[in-house]
Amino acid sequence: MARRSYRQPACGLATALDLVGERWTLLVVRELLVGPLRYTDLLDRLTGIGSNLLATRLHHLEEIGVVQRTELRPPAASIVYELTDLGWALEPAVNALASWGQHYVDPDVEHGFDARREAFTLRRLIQHGHHDGEVAYQFVVGSEVLHARVCDGKVETGLGPIAQPCVTIRTDHVTWEVLVRAGAVDDVLAGGTVDVEGDPTALRRLFGSPDS
C-alpha cells in the first residue's frame, strides 16, 4: 500500500509529516530517546500497536535513516533498535509536542509509575532547565531508580543508578508527580516528602527557575 502524502514537496513541515507523521511513528522515537530497545520491548511498551504495524513502522524508519539496528555485545547478544543522528535530531520536535500536549492531559486520569516514561519526561525538563558545566542527578522514586547527566549541553537520562551523582533525590510517586508536572519545589521541600543528598540547589535548577 502506498504511503499517504500531503503532496506539498516545497513545504518542510508537510514533508516531515509525510515521513514521521503516521500513527505510532513518533511514539517509537519517544521510546528510543531514552535508549536502545529490542523489538519485543518496543512491542510491550507500545500497547495496542500490533506486531505487524510495529514492524512496518520500524522498517520505514530504517529506510529513511532515523533508526538503525545494532547487536549488543555478549552476554546480551541481542538485536536492538536505536536512533541515528537524524533520529536524535527529532528530539526538540518531540519534546515540544509533548509539552504542548501536556496542556490537554487530564490530571485526574490515574496511571502507574512508568520509569522509562519518566526518564523521557526528565529529558524534556532538563532541556528547558538551567545548567552550567556538568551535573549528574539520581532519583529514587519508591523502588525505582532513574538518572540524568548534563555535560557540555548534552543530556542523558536512563534507568538505574549513576556513578557519583551531584545530588540524589528520594521521594514517593505522588510527590514525584507534583515535582515533574507542577515544578512546586518549595512546596514539596516544605512538606518533608523529599530527601535531598548533595547540592540542594541542583533540585531547584532542574524543577525551578534560574534564580532559585
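The values are calculated or read from the model by the stated rules, or taken from the named source; none is laboratory data. This structure is a prediction, so every number in the text was calculated from the model and none was measured. In this analysis, Cβ positions are derived from the backbone assuming ideal geometry, glycine residues included, and neighbour counts consider all displayed protein chains.
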Per the filter on region 176-188, residues closer than 23 Å to residue 119 by Cβ, at pLDDT below 75, assigned to a helix (DSSP H, G or I) and not basic (Lys, Arg) are 182, 185, 188
The one condition residue 108 fails out of (1) surrounded by fewer than 12 Cβ atoms within 10 Å (Cβ to Cβ); (2) under 29 Å from residue 177 (Cα atoms); (3) within 20 Å of the chain's Cα centre (by Cα) is (3)
Per-region count, region 75-115, residues within 20 Å of residue 125 (Cα to Cα), assigned to a loop (DSSP other than H, G, I, E, B) and of a type in the set (A, V, I, L, M)
3
Without any contact (Cβ under 8 Å) to a residue 12 or more places away in the chain and closer than 27 Å to residue 202 by Cβ: does that describe residue 73?
no
Could you look through region 2-57, keep only residues that are hydroxyl-bearing (Ser, Thr, Tyr) and within 29 Å of residue 72 (Cα to Cα), and pick out the one that is surrounded by the most Cβ atoms within 10 Å (Cβ to Cβ)?
25
Log entry, pairs with first residue in region 45-65 being closer than 11 Å to residue 28 by Cα, second being part of a loop (DSSP other than H, G, I, E, B) and of a type in the set (A, V, I, L, M), beta carbons closer than 7 Å, six or more apart or on different chains, reads 54/46
For residue 69, are the conditions met, namely being surrounded by 12 or more Cβ atoms within 10 Å (Cβ to Cβ), modelled with pLDDT of 90 or more and touching a Gly at 6+ places or on another chain (Cβ under 9 Å)?
no
Where a residue in region 13-33 is on the phi > 0 side of the Ramachandran plot and its partner, wherever it lies, is assigned to a helix (DSSP H, G or I) and at pLDDT 95 or above, with Cβ under 7 Å and at least six apart
24/53; 24/57
